[in-house]
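Novice: I'd like to ask you about the structure that follows.
The values are calculated or read from the model by the stated rules, or taken from the named source; none is laboratory data. Small disclaimer: the values here were computed from a predicted structure and weren't measured. Because the Cβ atoms are built from the backbone with ideal geometry, glycine has one as well, and the counts that use them run over all protein chains shown.
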Amino acid sequence: MYKECPQKYKFRYVHMLPEQPKYYFAFGSALHEVMEYIYNPTNPSFPTLEQALSFFKTHWDSTSFDQKGYASMEKEAQGFAEGQRIIAAYYGKHANSFVHPLSVEMKSTLDMDGLSLISILDRIDYLGDGRVRILDYKTGKTVQREPDQLMMYQKVAENSPAVLHLVQQTDPSVKEIKVEKLSFYHLPTLQELSFDRGSDKEMYAFWQKVLGVADEIRAGKFDPQPEENKCRWCDYRNICPVFTGKEYSGPSGWSAKTAPSAASGALLAAASASAVPPAKTEDELLSDKIDRLGALLREEKQLRQEIAHTMDKKGYKRHFGARFKAEIKEEKKRTFADKQKTLDTLRALGLLSKTLVPTQSTISALLDDSSVSPQAKEQLRALAEETAQTDLQITEAE
């Protein structure tokens, strides 16, 4: 979070102001609980599918739809149904090969170089000779390599006395741990992605970056890093100095952490008490809107190019964000290059009057007009040059 925006980190971890609940966190947490229930090494046998589904329902029903962050009961019901589908599909693929791992949801605290690292490792599999695999469950739309997260897992696992002690219970001769494989398991698609361990050079560079962030936090460096897309969805937007023009001075610390409702109220109160700038004239407001729209259009053009380029490079036709989806639609565009010949043909076929004004689009529309004869359409197609073009469509994800 500090890398995303130091000011957001300050609101969350210095002032301890809670964020609004997010449905995708609740959904992911529920499925993580199910995976822990299935693979719990202390259980002599594995639960049946019916038991896993019952466990999932009990966990799911322990909070309301708004506590989970869903917009409605209908949306929550869709999330529950998707969770059931994933669990049933997981059992269909893996139930005959369940093996107890070394640990599940292991919480490890590691003190190193002046830092106290608290990590939760979803699953650790022992491969023998001190070698382990770290597996992390993912429930988002897509899965991609996240080097910082993987390297932190590797750093913790290979240096944690708790992980070493756990392995030594199975293999007493082991003196050190080596992470041989790092894996993400994408539950919605039942796909596992494995990555090589970080090299010594990569791990050194990563750790220096971690220490650098820690130094900046200790030094109280919390300068905001505003960006349109980040700020638009930020829960702290209404109290952020970027938008209020002043530092937040409301409740913080332990009182905010122990009284979430009061802290949430503080966000609203602080927003209401924000400094109000002098009123602008109608012309000034109009100018501001024009500039803002112009900037958004420029950003939209740039983002469309970047999205389309990346999707083309990866061969994606569809990709999801947290709230929206992008789809590449391929369409054929007709161009009638020889204007005079096209007009003469339309006139000879008695179709000129049907176009009202003969433009590229109105002439092309004749090819989809049921009242135009197949023979006439054939002559028009002979004049048209067809080129394929792609269109990036952004719509709200269901």
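Novice: Which residue out of Lys107, Lys75 is out of contact with any Phe, Trp or Tyr (no Cβ under 8 Å at 6 or more places or on another chain) and basic (Lys, Arg)?
Specialist: That would be Lys107, the only listed residue that is out of contact with any Phe, Trp or Tyr (no Cβ under 8 Å at 6 or more places or on another chain) and basic (Lys, Arg).
Each row is one residue, and each column tells you yes or no for (1) more than 30 Å from Pro161 (Cβ to Cβ); (2) outside any helix (DSSP H, G or I); (3) not assigned by TED's automatic domain parsing to the domain that holds Val34.
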{"residue": "Lys181", "(1), (2), (3)": "no, yes, yes"}
{"residue": "Pro188", "(1), (2), (3)": "yes, yes, yes"}
{"residue": "Leu211", "(1), (2), (3)": "no, no, yes"}
{"residue": "Pro226", "(1), (2), (3)": "yes, yes, yes"}
{"residue": "Cys231", "(1), (2), (3)": "yes, no, yes"}
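Novice: What are the pairs with Cβ atoms under 8 angstrom where one residue, in the range 230-250, is over 19 Å from Lys22 (Cβ atoms) and the other, located anywhere, is among the basic types (Lys, Arg)? Sequence gap at least six, or different chains.
Specialist: Filtered contacts from the range 230-250: Phe243/Arg237.
Novice: Name every residue in the range 88-118 that is in contact (Cβ under 8 Å) with a residue 40 or more places away in the chain, among the small types (Gly, Ala, Ser) and touching a strand residue (DSSP E or B) at 6+ places or on another chain (Cβ under 8 Å), in order of residue number.
Specialist: Ser103, Ser108
Novice: Give the range 190-209 a look and list any residue that's of a type in the set (Ser, Thr, Tyr) and assigned to a loop (DSSP other than H, G, I, E, B), or say none.
Specialist: Ser199
Novice: On the given criteria, is Pro251 modelled with pLDDT of 90 or more, farther than 30 Å from Asp111 by Cβ and not hydrophobic (A, V, I, L, M, F, W, C)?
Specialist: For Pro251, the condition - modelled with pLDDT of 90 or more, farther than 30 Å from Asp111 by Cβ and not hydrophobic (A, V, I, L, M, F, W, C) - is not met.
Novice: Counting only residues that are over 24 Å from the mean Cα position of the chain (by Cα), surrounded by 14 or more Cβ atoms within 10 Å (Cβ to Cβ) and of a type outside the set (A, V, I, L, M), which one in the range 224-246 is modelled with the highest pLDDT?
Specialist: Pro241
Novice: Of all helices (runs of 4 or more DSSP H) completely enclosed by the range 1-120, which ones contain at least 2 residues that are surrounded by fewer than 18 Cβ atoms within 10 Å (Cβ to Cβ)?
Specialist: 23-39, 49-60, 65-68, 73-94
Novice: What's the number of the condition Gln149 fails, among (1) outside any helix (DSSP H, G or I); (2) without any contact (Cβ under 8 Å) to a residue 60 or more places away in the chain?
Specialist: Going through (1) outside any helix (DSSP H, G or I); (2) without any contact (Cβ under 8 Å) to a residue 60 or more places away in the chain one by one, Gln149 breaks only (1).
Novice: Which members of the range 27-70 meet the condition of being farther than 13 Å from Phe98 by Cβ and either basic (Lys, Arg) or in contact (Cβ under 8 Å) with a residue 60 or more places away in the chain (or both)?
Specialist: Phe27, Gly28, Leu31, His32, Glu36, Lys57, Lys68
Novice: Scan the range 172-183 and give yes if some residue there is closer than 30 Å to Ala326 by Cα and not basic (Lys, Arg), otherwise no.
Specialist: yes
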